[in-house]
1. Find which of B:Q27, B:T122, B:Q171 sits farthest along the positive direction of the dipole of chain B, computed with +1 on the beta-carbon of Lys and Arg, -1 on that of Asp and Glu, about the Cα centre.
2. In Å, what is the Rg of the alpha-carbon atoms in region B:10-53, and how long is Dmax?
3. Using modelled amide H (1.01 Å from N, peptide plane; none on Pro or chain starts), what sits under 5 Å from the amide H of A:A212, excluding residues fewer than 5 places away?
4. Going 7 Å from Cα along the Cα-Cβ axis for the label, what nanometre distances separate A:D19 from the same residue across the other copies?
5. Can you give the Kirkwood hydrodynamic radius of the protein assembly as shown from its Cα pairs, in Å with one decimal?
6. Projecting each Cα onto the charge dipole of the protein assembly as shown (Lys/Arg +1, Asp/Glu -1 at the beta carbon, about the Cα centre), which of A:L214, A:L111, A:A97 comes out farthest on the positive side?
7. Could you grab the relative contact order for chain A? Cα pairs under 8 Å, six or more apart, rounded to a whole percent.
8. Give, rounded to the nearest 20 debye, the magnitude of the charge dipole that region B:165-221 has about its Cα centre when Lys and Arg contribute +1 at Cβ and Asp and Glu contribute -1 at Cβ.
Protein chains: 2
Amino acid sequence: MVRPPKTQQTPNLRRSILDTAWLQIAQLGAPALSLRGIARALGITAPAIYNYYPDRDALVTALIIEAYTSFGGAQLAARDSVPAEDLEGRMVAIGNAYRQWALTYPERYQLIFGTPIPGYATPMEQVFPAAARSLSALVSVVDALRLAGRLNAPDFPPPHPDFLPVFEMWQKFGDEYNPLSLSVAILIWTRVHGIVSLEIGRQIPPFGPDGAGLYEYEMQSIKKQFFIR
Amino acid sequence: MVRPPKTQQTPNLRRSILDTAWLQIAQLGAPALSLRGIARALGITAPAIYNYYPDRDALVTALIIEAYTSFGGAQLAARDSVPAEDLEGRMVAIGNAYRQWALTYPERYQLIFGTPIPGYATPMEQVFPAAARSLSALVSVVDALRLAGRLNAPDFPPPHPDFLPVFEMWQKFGDEYNPLSLSVAILIWTRVHGIVSLEIGRQIPPFGPDGAGLYEYEMQSIKKQFFIR
DNA sequence: AGATTTATATAAACACTGTATATTTACAAC
DNA sequence: GTTGTAAATATACAGTGTTTATATAAATCT
């Protein structure tokens, strides 16, 4: 039986491959992702996957885009759960959602921001839209702060001249684009990423009774530094 | 010829294995590390390595300890290059050495702080001494700041009660141990790590004419936040 | 010196991995 | 009803870490 009749085939195999990949990643971690393992779980042979993804890296890229989409959705939902006038509240909501998503899906977080897949290099031109969207929630709040004259970021360093084209690419993703706001958002991002990445990598111990103490302290520091009240 | 005479053997094979591993990591990245590849480069067979390291993970652990030792040495040397009275100068020196080491050895940095080896989990009980030493440079400066009454860290969150034993383990590594100083050092570490890890992962663009703009801005912010002058 | 033990390598094999190629067959269109 | 295409399998190749058995150089003991 070289090709099973359609009744015995997995419907929506393209979708099922991704679902099974997520299952494997959640259970065994991203580095253990294996085409043959996915095929085994689906009851098909490994080369069948090549009908839907040209190679393993293409599958990983699809997974990364899905992860970014989920992550960005959580970020935007958190922002929009607070009235637009309450910029402090929006910032805190985004920050909490950031850590919460990472703790809920640590493997997805490492898939996006780490380098857990051997030999894989993210094709940024494909991933950029989803990645930019996920940062746009924070950018929009920083920019609202700036427009309200409440952004405290004196002498902020400009991006390297070579990267002005990349900065300009951002204009495609919302008209709230502003170089300073984007730059400040990137810096804030490095700060939450620093804590969260070490936290899920179990390289720093938890702080406070519920483990969030250090993160909350850092969010307060970020607000104090950048918000003019 | 099942065993070649000693004149044809690689002298100090244990050491040569590590050296060759570093070569491979520098050239192809940590995830591409392969026992067979090392053996090939050394002109031996792969199972010969098992006479010196019980499995691949043991070799990786040895590499991580070496990387931490190199990293910690750079941190301590940077601290000691500035007079003990100049705490600001020491902090800046440590911070610059941190980024410089990471940019010089990005694969080693990811080997230590990332998760680039599929299926590998760091055995902390083995790595702890080398890891603690590498943070001790920063801890000692923060503690000197505290002892001078110049540390500004009000309401800093305490470590989670479950991790008090880990905090107490630090007492073995220098008598300058203090829970608050260690905690603040950890937070400062998350901030430099946040920038540096995203920088070497090419996930943020460089800032300023030489690419260090964002990092220098962040070091200034750290000083402003924690130093009482 | 000769026998014995130990250390250190190779050889061969196993179970994996991603991937390329050829083959087979179900299904759709003319 | 024939033809063409799409989607799967079968097979194979080169790579990986690791295990086992085996051979021999070197060290030790008598």
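Bear in mind these aren't lab numbers, they're just calculated from the coordinates by the rules spelled out. Remember, predicted model here, so these are calculated numbers, not experimental data. No Cβ is skipped: glycine too gets one built from the backbone with ideal geometry, and neighbour counts run over all protein chains shown.
1. B:Q27
2. 9.6, 27
3. Result for A:A212 returns A:F207.
4. Taking the point 7 Å beyond Cα along Cα→Cβ, the inter-copy spacings are 5.5 nm.
5. Over the protein assembly as shown, the inverse of the mean reciprocal pair distance is 24.1 Å.
6. A:L111
7. With pairs under 8 Å counted, the relative contact order is 18 percent.
8. Using Cβ point charges on Lys, Arg, Asp and Glu, region B:165-221 gives about 180 debye.
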